[in-house]
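The values are calculated or read from the model by the stated rules, or taken from the named source; none is laboratory data. Because the structure is a prediction, the values reported are computed rather than measured. Positions of Cβ are generated from backbone atoms using ideal geometry, with glycine treated the same way; all protein chains shown enter the neighbour counts.
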2 protein chains.
Amino acid sequence: MTERVSLSLTEVHDLASAVLRANGVAEDHSQTIADTVTAAERDGAVSHGLFRIPGYIKSVRSGKVVTDAVPVLSELAPSVLRVDAAHGFAPLALKVGREPLARHAREQGIAALAVMNCYHFAALWPEVEALAEQGLVAFAFTNSFSYVAPAGGTKPLYGTNPMAFAWPRVGKPPVVFDQASSASARGEIMLAQRDGHDIPEGWAIDRHGNPTTDPTEALAGAQLPFGGYKGAAIALMVELLAGALIGDVLSFEASERDNRDGGPPVGGEFMIAIDPARCVAGGDGGAVLAHAERLFERVLQQEGTRLPSDRRYRNRLRTPGEGITIPRALYDTLEGLRALDR
Amino acid sequence: MTERVSLSLTEVHDLASAVLRANGVAEDHSQTIADTVTAAERDGAVSHGLFRIPGYIKSVRSGKVVTDAVPVLSELAPSVLRVDAAHGFAPLALKVGREPLARHAREQGIAALAVMNCYHFAALWPEVEALAEQGLVAFAFTNSFSYVAPAGGTKPLYGTNPMAFAWPRVGKPPVVFDQASSASARGEIMLAQRDGHDIPEGWAIDRHGNPTTDPTEALAGAQLPFGGYKGAAIALMVELLAGALIGDVLSFEASERDNRDGGPPVGGEFMIAIDPARCVAGGDGGAVLAHAERLFERVLQQEGTRLPSDRRYRNRLRTPGEGITIPRALYDTLEGLRALDR
């Protein structure tokens, strides 16, 4: 059994930000990355928690990422904002864009935010959830490296290309989903390889295009989209929105340009926010949300169902008091990264 | 073998509009419905072609649909438009909203259109394709009757809830997808029932929640979303956007209120349009589209691939010259519906 180390959420945040600062990441970037990592640990989303910090540090040490980048906000159109992340990590750029996006959505009814030239290594749900906490409906899309084959094809082209969506609720946390367009996360295949397990059928093909359950063959081949050609269409859409539409790179371009340091790809994120109060005559956004509750009631009346984000919210009730645990090996790695100067 | 009748596309349009007019549908509605039906036949999308006309007529004869409804356009916010279809068929309402949506997208960068109180019996792709033909990126979402079980559940709740997306190209028709959130179209299960075939596993569950390949059991049970819980999340999103967000009905409400005449449900459609030229600094929309072409090239370099809409476009090259065929039984039905006064 793996030995584990217990940490409070405050300790998670302190550890993450200390490691980043010790490696030369500017204070504001260190804090926002630590916010994101801590939110993930709080919600039990461990693959986006402290586990990611070594990857962040690899991209700092390789020189790929600008550690003190200053994100620059601009307005491209009355309802379209841009944040140029200036080749820094994404969380600070997203934070810079968040309030302006919310304000434009309220004023215009719908607004978009293009975040470009960022290094994205976090989940999308924190961004859409933050907007929905302000009463807005929100979408987010990002691409990555070429991992996923197009419909009918056999070679990696699209990223795992997640899209996230959040719907606000009154007195409850938002309904949120954040899902890859691939059948599985790449990390799940890497974990299976590490642990010597097979992967389920339908996740991947080998380099010859044949179905495989061998994680090593899968990583050398291509991941498959979820749900066949329909998931591939979603992957294509995300690739276009997060890449071409906002003047940023496509996943295959990110792959071709990357220095293979093990950290995140450069790229963009595209977000849309909508104010429900501006989508109905009379402006009664409360009635819109009350109506949606009738749908959620019907979902939950059926045995075996849950709303997409419920598991995270259950963890969120528990971890502020109980704290979390991480493998001893990860803890030791992080302590090592904190001790070293860059 | 089924006897078939050959028709030119002009004859398709004439037949559709004549049947509608003979049944008391106003001239402008008859023409726009005939446009939609003819576009479907032109593209080989037969399930949305003349096959739909008897359903339109059922809803006319049952009195459910207002046959001379006048759609009313209003601006809910600087970037949000609404068309109240006044309980008429959808195509005219969508036509009324199309140019204003395109104009607002160009002016604001991104804009939304809420079409409400309409009877929707057509595909979504004609709407997003029309916007992309004008150089805009477009999304459309609509719900229907309760047919699809939520993730983990066993009872119908969501509609088949299609979403469509279109991306403009220079000198070529747009890249478009239009896909149900369900694993299959309901019509495919009905055809299997009619013809005595089984349906594939994964399409549906019976009324007890067990997997079934029997189309009759499937129709009495629930359809399944495509791609498991991820497709169910898409179905939930579409349900919220096309229903609650725009103050229109949810699929289960449409089911509860419907008169079971076999025609379309009442409900809403939500659309978003984005101007690529307003999403990049400098406003070079042409560079955005040229960049996307590099992605499409990479897709098509792989053997076995095609872009989502290519099959329709291949048919479109052929049918204006060759015409189309429909089953004799459908032709006779339509001729019967044309001959009868209401």
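Tally up the residues in segment A:278-297 that are in a helix (DSSP H, G or I), free of Cβ contacts under 8 Å to residues at least 60 places away in the same chain and either under 21 Å from the mean Cα position of the chain (by Cα) or within 9 Å of chain B (Cβ to nearest Cβ) (or both), please.
5
Quick one: B:L113 ticks every box in (1) surrounded by fewer than 23 Cβ atoms within 10 Å (Cβ to Cβ); (2) within 17 Å of B:L245 (Cβ to Cβ); (3) not basic (K, R) bar one, so which box is it?
Unmet condition: (1).
If we keep just the residues of segment B:70-101 that are under 19 Å from the mean Cα position of the chain (by Cα) and under 17 Å from A:Q108 (Cβ atoms), which is surrounded by the most Cβ atoms within 10 Å (Cβ to Cβ)?
Residue satisfying both the conditions and the ranking: B:L101.
If you go through segment A:36-47 one residue at a time, do you hit one that is under 18 Å from A:G262 (Cβ atoms), touching an Asp or Glu at 6+ places or on another chain (Cβ under 9 Å), touching a residue at least 40 places away in the same chain (Cβ under 8 Å) and assigned to a helix (DSSP H, G or I)?
yes
Of all residues in segment A:203-236, count the ones that are of a type in the set (G, A, S), within 23 Å of the chain's Cα centre (by Cα) and either more than 14 Å from chain B (Cβ to nearest Cβ) or surrounded by fewer than 22 Cβ atoms within 10 Å (Cβ to Cβ) (or both).
3
Restricting attention to segment A:48-76, which residues are assigned to a helix (DSSP H, G or I) and without any contact (Cβ under 8 Å) to a residue 24 or more places away in the chain?
Looking only at segment A:48-76, we keep the residues that are assigned to a helix (DSSP H, G or I), and these are A:48, A:50-61.
Answer for segment A:48-76, where residues must be assigned to a helix (DSSP H, G or I) and without any contact (Cβ under 8 Å) to a residue 24 or more places away in the chain: there is none.
Checking the conditions here, which among A:V175, A:V170 is facing chain B (nearest Cβ under 10 Å) and in contact with a Leu (Cβ under 9 Å, 6 or more places away or on another chain)?
Numbers: A:V170 fails: facing chain B (nearest Cβ under 10 Å).
The unique qualifying residue is A:V175.
Name the single residue that is farthest from B:G187 (Cα to Cα) among those in segment B:237-271 being part of a loop (DSSP other than H, G, I, E, B) and within 8 Å of chain A (Cβ to nearest Cβ).
Once the filter is applied, the top-ranked residue is B:G247.
When you look at B:G49, is it crowded, with 17+ Cβ neighbours inside 10 Å, within 29 Å of B:A329 (Cβ to Cβ), modelled with pLDDT of 95 or more and in the same structural domain as B:R314 (by TED's automatic domain parsing), yes or no?
Yes.
So if I check each of B:I274, B:I246, B:I324, which one is over 30 Å from A:P168 (Cα atoms), surrounded by 19 or more Cβ atoms within 10 Å (Cβ to Cβ) and in contact (Cβ under 8 Å) with a residue 60 or more places away in the chain?
From the options B:I274, B:I246, B:I324, the qualifying one is B:I324.
Could you grab me the full set of residues in segment A:21-35 that are in a helix (DSSP H, G or I) and either surrounded by fewer than 19 Cβ atoms within 10 Å (Cβ to Cβ) or out of contact with any Phe, Trp or Tyr (no Cβ under 7 Å at 6 or more places or on another chain) (or both)?
Within segment A:21-35, A:R21, A:A22, A:E27, A:D28, A:S30, A:Q31, A:T32, A:A34, A:D35 meet the criteria.
Quick check on my filter: what residues within segment A:96-133 are of a type in the set (F, W, Y), in a strand (DSSP E or B) and within 16 Å of A:I272 (Cβ to Cβ)?
Within segment A:96-133, the subset of a type in the set (F, W, Y) is A:119, A:121, A:125.
Next cut, in a strand (DSSP E or B) only: A:119.
Passing the criteria: none in range.
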